[in-house]
Amino acid sequence: MSLRQLRAFAEVAECASFAAAARRLFITQSALSESIRLLEEAVGLRLLDRTTRSVALTAAGTVFLEEVQQALATLAQGMRRMDDLASLQGGEVRVVAAPSVLAALVMPCLPALRARYPGLKVLLHEDGGAAVLRAVREGQADFGVGGWHASALNLDAEALLRDRMGWLARPDDPLLARPGLSAADLAGQPLVGYTTDTAIHALLSAEPSLPESVLAPALRVSNTVLLQQAIALGLGGAVVPALIARHPLLQGLGFRPLAAPLIERQVMVFQRPRRSLSPAAEVFKAAIVAQARTLQGQPGIEAVAR
């Protein structure tokens, strides 16, 4: 049984004529008759009663026509959805990313994408570290964006940029004006750090030369909102990657990359291996890659996306 045979049967049933159905299908009457013969042979029942002047459905043909029409309608709907995806008039893109990446790379892409593809649905989920990779690996997201992590070895990864750790503080903090600021200059300073379950904490903990005030700050927070409030209240500065300093909530603060030690984070796009992205996801990913290039030259940021 073939799709061609099913369409031939549906046309003959609608037209009640082999000649009219053949014209609609742009085939000869003999080819149409052969398709109907093969279909009846496949189902094991006569579907059409033919006379020299008319064609009518048998009882079995009436039952079968209802199923065929439903199947053809479902197929047509599926093809329309594929056309929508191909033209980016529909479909959904699911992206999981670290908070700083969402703010600096992902969100800025949305106005232009929405203007060009108003039917595109986007689902953004904020997470960090290994959680980003887990969401991608388990198929909960089309792709993820975040810092490199050892558990990414079984995923496809494309580098976007490198950002350096630096000092984030109120604009009047004298350390921001110090040339060649090093981590040693932060010894004894009041600091606000991220909680120990974050990728930033893990990155700092891997650098033993950092002073104790950086490795074990008196105050830890779990998100950017709390970090901004703590610094604004004068509770201390923070050592963070340059991309975080570009978060809209932190724009009123000052940032200076550390000259020593040089601590860098590599931000990448992750996706499951041997899995093609949908057209919508490909467009969104390309927009993020392009956005990463625009950050080249910002303090502590080096774009590496091609």
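The values are calculated or read from the model by the stated rules, or taken from the named source; none is laboratory data. Note that the structure is a prediction, hence the values are computed from the model and not measured. Glycine gets a Cβ as well: all are built from the backbone with ideal geometry, and neighbour counts include every protein chain shown.
Looking at segment 169-179, is at least one residue in contact with a Leu (Cβ under 9 Å, 6 or more places away or on another chain), over 25 Å from Gln271 (Cβ atoms) and without any contact (Cβ under 8 Å) to a residue 12 or more places away in the chain?
no
Can you pull out the residues in segment 168-209 that are closer than 28 Å to Ala131 by Cβ and part of a strand (DSSP E or B)?
The answer is Leu168, Leu191, Val192, Gly193, Tyr194.
Considering only segment 235-249, state which residues are farther than 19 Å from Gly297 by Cα and either of a type in the set (Val, Ile, Thr) or modelled with pLDDT of 95 or more (or both).
Across segment 235-249, the qualifying residues are Leu235, Gly236, Gly237, Ala238, Val239.
Scanning segment 224-249 for residues that are out of contact with any Asp or Glu (no Cβ under 7 Å at 6 or more places or on another chain) and either buried (at least 22 other Cβ atoms within 10 Å of the Cβ) or of a type in the set (Phe, Trp, Tyr) (or both), which turns out farthest from Gly144 (Cα to Cα)? Steps first, answer last, please.
Residues of segment 224-249 out of contact with any Asp or Glu (no Cβ under 7 Å at 6 or more places or on another chain): 224-236, 238-240, 244-249.
If we keep only those that are either buried (at least 22 other Cβ atoms within 10 Å of the Cβ) or of a type in the set (Phe, Trp, Tyr) (or both) as well, we get 227, 231, 238-240, 244-245.
On the way: Leu227: 24, Ile231: 29, Ala238: 26, Val239: 24, Val240: 21, Ile244: 17, Ala245: 21 Å.
Across segment 224-249, the extreme among qualifying residues is Ile231.
Anything in segment 28-79 that is surrounded by 16 or more Cβ atoms within 10 Å (Cβ to Cβ) and among the β-branched types (Val, Ile, Thr)? List them, or say none.
Ile36, Val55, Val68
Name the strands (runs of 3 or more DSSP E) wholly within segment 210-306 that hold at least 1 residues that are of a type in the set (Lys, Arg)?
Qualifying strands (runs of 3 or more DSSP E): 219-221, 254-257, 264-271.
With the structure loaded, tell me whether Ala260 is surrounded by fewer than 19 Cβ atoms within 10 Å (Cβ to Cβ), more than 20 Å from Ala131 (Cα to Cα) and in the same structural domain as Ala183 (by TED's automatic domain parsing) or whether it fails that test. So that I can check it myself, show each step before the final result.
Working: surrounded by fewer than 19 Cβ atoms within 10 Å (Cβ to Cβ): yes; more than 20 Å from Ala131 (Cα to Cα): yes; in the same structural domain as Ala183 (by TED's automatic domain parsing): yes.
When the stated conditions are applied, Ala260 passes them.
Quick one: would you say Trp167 is touching a Lys or Arg at 6+ places or on another chain (Cβ under 9 Å), hydrophobic (A, V, I, L, M, F, W, C) and modelled with pLDDT under 95?
no
I'd like the full set of residues that are part of a helix (DSSP H, G or I) and more than 17 Å from Leu3 (Cβ to Cβ), limited to segment 23-39. Walk me through it before giving the result.
Step one: of segment 23-39, the residues part of a helix (DSSP H, G or I) are 23-25, 29-39.
Scanning segment 23-39 gives Arg23, Gln29, Ser30, Ser33.
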